[in-house]
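**Q** Here it is, the structure, as structure tokens.
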């Protein structure tokens, strides 16, 4: 009964989305205030309906209602509660429903908090948002119904894919989607602005917080996915340049570019057309990602179902929105007034370079991801594009960008000089190089690339700190005055510093983990040990394992250094019951300077276990860096400028509400 | 600087950066991609020893031996031909005989294959899409999987 209700409210939501698309748009064209206001109500109604449908599916999972096909295929009554909840989106239909739910949350948020938006702009934004909702709701209702019944109902469900039964992964999709789908707001803003034919500083100020929210969640979502891959998949890596990872990374790159170019529109009124294009591209890449992941053209953990008709449907949605928005862009962009002259060497110039490099990096990832698909379609030849390609292309493109990051905030608007920037930053560069040489002296190990990586990361962190120090005028005014100035700096200044500094921490983690990783694969009998990076990993023995919905074997390991016990870890080989699917749980000791990572393998001929023991230097820095970047985004978001109703459009010709 | 000059500078800079990026990408694509073959194709295309490639197929029934030390050996077959594979490391959880597998590594002079990566899908009745396609192409699909296979 509840499943039917869920299905019914989904259809209602579809109707509301159609209404939300048409009525406010028509109202804005007519200048009819009442019709425009309909968008607000419709957005809230759509949110309520999709939420109700989502809750109905949740209820089916929580009560293990196996007469619902989706639940029977993906859940099991013995499953722990958290995985019954996360099971809702651990499958194709449910994850699409989550997608639409988050879309409607963003739409409702604009409806609620967008009171200071000009009425016509708001109406058009909500209309565009409604049209995206309509397309995906149609997809769900027509091709991907999560409430499909199963008759007769089985006594027990198939269970959620065991490797998805993991705390980090339970929350990875909601955060990732919040980022992915949040970019739809920037898209709707861009399309609405194109329809209006007006982009100004106020527009940029409105669009920035939404982009910032999406960017922050996307950062966190990608970070969680990477963390999950690191310890759950047990391969020991944190990033594989897998097409699915790339699908989330491409919108992130463009969203990063968009955040920066919107600053230029806001401060200087330049780069308007470019910023509109980036807004469209960012969400287009989110759609490309959704297509890649959900259509089954890729084989991966994420491709829940391989169903060509669904893939085709999403491809049509993709073609409509990307094609439509780009056509509108081509028609309308030339009429947008450009403003704000600037010299090539200026803050604007720096941000343009940032954008170019980010877009070039994104293009490299895009080609590396889609080339194999294209080639296969055209010639039937099958190839794989792996990490070597991305290291060779993405690396050299992103490197100059990272090198220039600290210099960017030091440049003045309109026209800048290089010398003052050098004067302000030389000490940060010198300190970064000294630090890396110090590491070289202490650790006595190369290669030079690792040392250069440390210098680069330190340069980013120190450069971010330098910006704050210089803005507070430390060294030139009395300390107390400088402190007062520091605390008086806008929060966005701290947000920027955290985001840039976080990138530095991330860079150090990535480079050192890649270059200093030490891995040993050995056959161990109980009592035998292996030495890894100065630690001794001893295999203490194995025992049977019993979990809520799995059995298996566990291996105990003790880790010592110079005879002193550091930790005991357990690595498990689980066999999940409903499916008999095996998974491996890594034995992990996390440390600030590195992790010890032990994986129990199969039994070899002599009765020993094949054990992989890895030292993962600086691994936690990767996730610390990503978290710091996320926090930087959140902090910027609390900036007064973005929060309080500053965005008032000066002398904007507000459409006159029709009076009857 | 006039608007026009700024725009020219902007366009030139963009072209330079995109050109460099395009160059890098083209170079990398030629140099770093790895081709995917089934055992039969390795013979048909006369792949040279020393070539890095992805070998896809099924783990031949009865060919898998427990590790000698840390070295596993098994055979990958597309039912027409099979290649012996050695692999040092840990096998994926879902590795088992009769299942689809993709191994990446180097073809040896004696016709064997030394893998450094072995992938199996995280799903039980899975065969890598690549393998399934190849097998369908060869009309061998039917033999492979009784439950879901359709003859082409």
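**Q** Restricting to DSSP H runs of at least four residues, report the calculated mean residue ellipticity at 222 nm for chain A, -39500 (n - 2.57) per run over all residues, nearest 500 deg cm²/dmol.
**A** Using -39500 (n - 2.57) per qualifying helix, the result is -22000 deg cm²/dmol.
**Q** Give the average, rounded to an integer, of partner chain Cβ atoms located within 10 angstrom of each Cβ in A:354-365.
**A** 3
**Q** Over chain A, what is the mean sequence separation of C-alpha contacts under 8 Å (at least six apart), divided by residue count, expressed as relative contact order in percent?
**A** On the way: 1206 pairs, mean separation 83.2, N = 660.
The value is 13 percent.
**Q** Dividing the convex hull volume of the Cα atoms of segment A:1-74 by its residue count, what figure in Å³ per residue is obtained? Write out the running numbers ahead of the final one.
**A** Values: hull volume 5.3 nm³, N = 74.
In segment A:1-74, the Cα hull volume divided by residue count equals 71 Å³.
**Q** Output needed: percent of Cα pairs per 10 Å distance bin for the protein assembly as shown, bins running from 0 to the one holding the longest distance.
**A** With a bin width of 10 Å, the distribution comes to 2, 12, 21, 24, 21, 13, 6, 1, 0, 0.
**Q** Here's something else I'd like to know. What ranking, highest mean first, results for peptides A:418-425, A:443-450, A:515-522 when packing means the other Cβ atoms within 10 Å averaged over each residue?
**A** So the order, starting with the most tightly packed, is A:515-522, A:418-425, A:443-450.
**Q** Between segment A:255-291 and segment A:122-195, how many Å separate their Cα centres?
**A** 22
**Q** By per-residue mean of other Cβ atoms within 10 Å, what is the highest-first order of A:580-587, A:4-11, A:22-29?
**A** Averaged packing, sorted descending, gives the order A:22-29, A:580-587, A:4-11.
**Q** Specify, per residue and in Å³, the volume enclosed by the convex hull of the alpha carbon atoms belonging to segment A:1-165.
**A** So the per-residue hull volume is 98 Å³.
**Q** Where in segment B:48-80 is the amide nitrogen less than 20 Å from a point lying 7 Å along the Cα-to-Cβ axis of residue B:109?
**A** B:48-53
**Q** Right, next: Packing-wise, with mean Cβ within 10 Å as the measure, how do A:228-240, A:471-483, A:83-95, A:606-618 rank, highest first?
**A** A:83-95, A:606-618, A:228-240, A:471-483
**Q** Taking beta carbons within 10 Å but only from partner chains, what does the mean come to for residues A:596-605? Each step should come with its number before you reach the end.
**A** Values: counts 0, 0, 0, 1, 1, 6, 7, 2, 8, 5.
Going residue by residue through A:596-605 and averaging, the value is 3.
**Q** Can you give the three extents of the C-alpha atoms in segment A:305-421 along their principal axes, from longest to shortest, in whole Å?
**A** On the principal axes, segment A:305-421 reaches 58, 41, 25 Å in Cα extent.
**Q** How many nm is it between the label spots at residue B:96 and residue A:441, if each spot is 7 Å from the Cα in line with the beta carbon?
**A** 5.8
**Q** Something else: Which whole-number percent is the relative contact order of segment A:1-165 (Cα, under 8 Å, 6+ apart)?
**A** 37 percent.
**Q** For the pair residue A:343 and residue A:477, what calculated FRET efficiency results from E = 1/(1 + (r/R0)^6), where r is the Cβ-Cβ distance and R0 = 41 Å, to the nearest 0.05?
**A** 0.85
**Q** Right, something else. How far apart, in nm, are the 7 Å Cα→Cβ label points at residue B:48 and residue A:1?
**A** 7.4
**Q** Expressed as a whole number of Å, what is the distance separating the alpha-carbon centroids of segment A:36-76 and segment A:323-344?
**A** Here the two parts' Cα centres lie 40 Å apart.
**Q** Let me ask something additional. How high is the relative contact order of segment A:518-620, in percent, with contacts defined as C-alpha pairs under 8 Å that are six or more residues apart?
**A** 25
**Q** Within segment A:257-290, name every residue whose backbone N is under 15 Å away from a label modeled 7 Å from Cα of residue A:415 along the Cβ vector.
**A** The answer is none.
**Q** To the nearest Å, what is the center-to-center distance of segment A:431-455 and segment A:495-538, using C-alpha atoms only?
**A** Measuring centre to centre over Cα atoms gives 17 Å.
**Q** A further question on this structure: Rounded to whole Å and sorted largest first, list the principal axis extents of the Cα atoms in segment A:472-534.
**A** 65, 20, 19
**Q** At 4 °C and a viscosity of 1.567 mPa s, what translational diffusion coefficient does Stokes-Einstein give for segment A:518-620, taking Rh as the Kirkwood radius over Cα pairs? Give it in µm²/s as a whole number. Let's see the in-between values first.
**A** On the way: Rh = 13.9 Å.
This corresponds to a translational diffusion coefficient of 93 µm²/s.
**Q** Just to verify a number: FRET efficiency for residue A:330 and residue A:30, C-beta to C-beta distance, R0 = 22 Å, to 0.05?
**A** 0.25
**Q** Then there is this: Within a 10 angstrom radius of each residue's Cβ in A:390-396, how many Cβ atoms of other chains show up on average? Whole number is fine.
**A** Details: counts 2, 2, 7, 10, 4, 1, 4.
Per-residue shielding by partner chains comes out at 4.
Each reported figure results from applying straightforward, stated rules to the coordinates on display, with no laboratory input. Since we're looking at a predicted model, the values are computed, not measured. Please note: Cβ atoms are built from the backbone with ideal geometry, for glycine as well, and neighbour counts cover all protein chains shown.
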